[in-house]
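One structure below.
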Amino acid sequence: MTNAILKYRRPHADGYGPEVVDVVCAACSETRTVAYSGWSTIVCGGCGQELHRPDQGLPAVSDGDALSIKVRVIRDGMKGDHDAMTEPNSGEDDVYASRLNMWIRLLSDAIEKYDENQPKPF
Ligand SMILES: [Zn+2]
């Protein structure tokens, strides 16, 4: 189960209904518009992944933030696979494990650089 990315929290189009938000799947980018509150998990229509609503109060994010979240989800997924591959007696080829580790490092470096360049709240 991964966290959903919430984007563009806004009033309902008819002006009266509940606030809505776009829910983006971090894995496949399928997007769907739902009520901002009142749900905790939805199933992605694109890839079937269970998407968990981020904690209450988390603001809907910008395009840049959404990309940043997506990159982290992919990095963490790759790292999980890497850790599984490199467990003793996993039987997996070391060459692939070290290549995978290289991609994870590159992504982590990019994420770190991105974080360093973000405006600080103080
Ligand atoms: Zn999906």
* Does the stretch 6-56 hold any residues that are of a type in the set (Lys, Arg) and either away from the ligand (no atom under 16 Å from the Cβ) or loosely packed, with under 12 Cβ neighbours inside 10 Å (or both), and which are they? -> Arg9, Arg10
* Asked: Going by the conditions given, is Asp81 among the acidic types (Asp, Glu) and either in the same structural domain as Arg99 (by TED's automatic domain parsing) or assigned to a strand (DSSP E or B) (or both)?
  -> yes
* Quick one: count up the residues across the stretch 8-50 that are within 24 Å of Arg75 (Cβ to Cβ) and not small (Gly, Ala, Ser). => 14
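The values are calculated or read from the model by the stated rules, or taken from the named source; none is laboratory data. None of the values given here were measured: they were computed from a predicted structure. Positions of Cβ are generated from backbone atoms using ideal geometry, with glycine treated the same way; all protein chains shown enter the neighbour counts.
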